[in-house]
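Q: Starting off with a structure, shown below.
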Amino acid sequence: MKRIAVLTSGGDCSGMNAALRAVVRTAMNEGIEVVGIHRGFRGLIDRQYEIMQNRSVSNILQRGGTILQSARCKEMLTAAGQTLAADTLTGLGVEGLVVIGGGGSLRGAQALAERGTQVIGIPASIDNDLSFTDMSLGVDTALNNILYAVDCLKDTASSHDRTFVVECMGRDSGYLALVSAVAVGAEFAIIPERPYDLEAICGNLRQRYQEGRINAIIMVAEGAGTAHDIAAQIRGRIGFETRVMVLGHYQRGGSPSAFDRLLAARFGLAAVESLLAGESGKMVGLSCSDIALTDFEQVLQAGIRPIDQLMVTLAHKLS
Ligand code: F6P
């Protein structure tokens, strides 16, 4: 193998740069040239790329975002877009491709694999919604971002007897809201995977207020509703004054945690080694501390990763 390409696609996350560095350095150590595709599949279709050098990935390990930039590319869902993308790879003489991104990106990667490109995927999305990996890249950093924000919020909430409804990302998955609820000691987590009873939540918060508690935190995954809507429904009914914080894209940025840097290094190495071993159409993942390869087909068919019942129990019993 003489030349591979790498791209970052979909919503960005911390650790993408670290994974990019690992891919480039591993490949270059094997004497393989690396083409960096700009703006994900968009750049593949539009032929925007650069030849990466060792120096191209210097000093990026600690930086959030992605130096290659990213995009959500609707055209990649069409046969015409997929043909253009595959043609670019052929034209560049690329023999293997590493796609760093979430579920939508793996779908694009699978389409290229079906057209004969040798492709390996690296799971990267703060939502942690992909099956067949215990953790995707960026999740740990996003969780730490949430903890920092909510810890700050609890200080001021306590000074003013306030409840805060905090909205996390997670279009289809309650992972961030649920796990951060356990880690910050929130009173409730509202997630798309489980029904919730606002009447019961109000009753519980009212009781806590009457018992003299001085703050409360409700974590909400965006897929379950907006924090503003939920706050509007409980405002005036619980004793506490109710305020809102929408964490938004803040969660996706910042310097990657040690966990994400190490995971990125392992995923990047495994992706290139898998290409060299002739593997294709597979995602590298973390399975009980080991790196595992799973067919895109299987990952995509499994759908949104189910929530961990232990986390549900912890959120409930420790609040
Ligand atoms: O795909 C990850 C994610 O962070 C979702 O949780 C969120 O809904 C979405 O990205 C937001 O994406 P964008 O930045 O494209 O609006």
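Q: For ASN145, state whether it is farther than 22 Å from GLY104 by Cα and not in a strand (DSSP E or B). I'd like the intermediate steps shown before the answer.
A: Numbers: farther than 22 Å from GLY104 by Cα: yes; not in a strand (DSSP E or B): yes.
Yes, satisfied.
Q: Something else: Do you know which residues across the stretch 68-86 are crowded, with 17+ Cβ neighbours inside 10 Å and among the β-branched types (Val, Ile, Thr)?
A: none
Q: Which residue is farthest from the chain's Cα centre (by Cα), if the candidates are limited to the stretch 154-177 and must be within 15 Å of the ligand (Cβ to nearest atom) and open to solvent by less than 10 Å² (accessible area, probe 1.4 Å)?
A: First, the residues of the stretch 154-177 that are within 15 Å of the ligand (Cβ to nearest atom): 166-177.
Then keep just the ones that are open to solvent by less than 10 Å² (accessible area, probe 1.4 Å); that gives 166, 168, 170, 173-174, 176-177.
Values: VAL166: 19, CYS168: 12, GLY170: 9, SER173: 11, GLY174: 12, LEU176: 10, ALA177: 13 Å.
Applying the filter and picking the extreme gives VAL166.
Q: Could you tell me whether any residue of the stretch 167-186 is under 19 Å from ASN145 (Cα atoms) and assigned to a strand (DSSP E or B)? Can you show your working first?
A: Of the stretch 167-186, the ones under 19 Å from ASN145 (Cα atoms) are 167-171, 173-186.
Adding the requirement that they be assigned to a strand (DSSP E or B) leaves 167-168.
Yes, the stretch 167-186 contains a residue that is under 19 Å from ASN145 (Cα atoms) and assigned to a strand (DSSP E or B).
Q: Let me ask another. Tally time: how many residues in the stretch 233-253 are open to solvent by 50 Å² or more (accessible area, probe 1.4 Å) and within 16 Å of the ligand (Cβ to nearest atom)?
A: 3
Q: Something else about it: Do you know which residues across the stretch 87-110 are away from the ligand (no atom under 16 Å from the Cβ) and either outside the structural domain of THR8 (by TED's automatic domain parsing) or buried (at least 19 other Cβ atoms within 10 Å of the Cβ) (or both)?
A: To start, the set of residues in the stretch 87-110 that are away from the ligand (no atom under 16 Å from the Cβ) comprises 87-98, 110.
Correct list: THR88, LEU89, VAL94, GLY96, LEU97, VAL98, GLN110.
Q: Here are ARG42, ARG21: which of them is within 16 Å of the ligand (Cβ to nearest atom), open to solvent by 30 Å² or more (accessible area, probe 1.4 Å) and not in a loop (DSSP other than H, G, I, E, B)?
A: Numbers: ARG21 fails: within 16 Å of the ligand (Cβ to nearest atom).
Just one listed residue meets the conditions, ARG42.
Q: Counting only residues that are touching a Ser or Thr at 6+ places or on another chain (Cβ under 6 Å) and either open to solvent by 90 Å² or more (accessible area, probe 1.4 Å) or aliphatic (A, V, I, L, M) (or both), which one in the stretch 300-311 is modelled with the lowest pLDDT? Before the answer, list the steps.
A: Of all residues in the stretch 300-311, those touching a Ser or Thr at 6+ places or on another chain (Cβ under 6 Å) come to 302, 304-305.
Then keep just the ones that are either open to solvent by 90 Å² or more (accessible area, probe 1.4 Å) or aliphatic (A, V, I, L, M) (or both); that gives 302, 304.
Values: ALA302: 98, ILE304: 95.
Filtering first and then ranking leaves ILE304.
Q: A further question follows. Would you mind listing the helices (runs of 4 or more DSSP H) fully within the stretch 226-309 where at least 2 residues are among the basic types (Lys, Arg)? It would help to see each step written out before you state the result.
A: Numbers: elements: 227-234, 258-276, 296-302.
Because the criterion is at least 2 residues that are among the basic types (Lys, Arg), the helices (runs of 4 or more DSSP H) in the stretch 226-309 that meet it are 258-276.
The values are calculated or read from the model by the stated rules, or taken from the named source; none is laboratory data. On a predicted model such as this, the values are computed, not experimentally measured, just so you know. When we count neighbours, we look across all protein chains shown, and the Cβ atoms used for this are built from the backbone with ideal geometry, even at glycine. When the accessible area is computed, the model is the full protein with side chains, heavy atoms only, and any ligands, DNA or RNA have been set aside. Shrake-Rupley method; radii C 1.70, N 1.55, O 1.52, S 1.80 Å.
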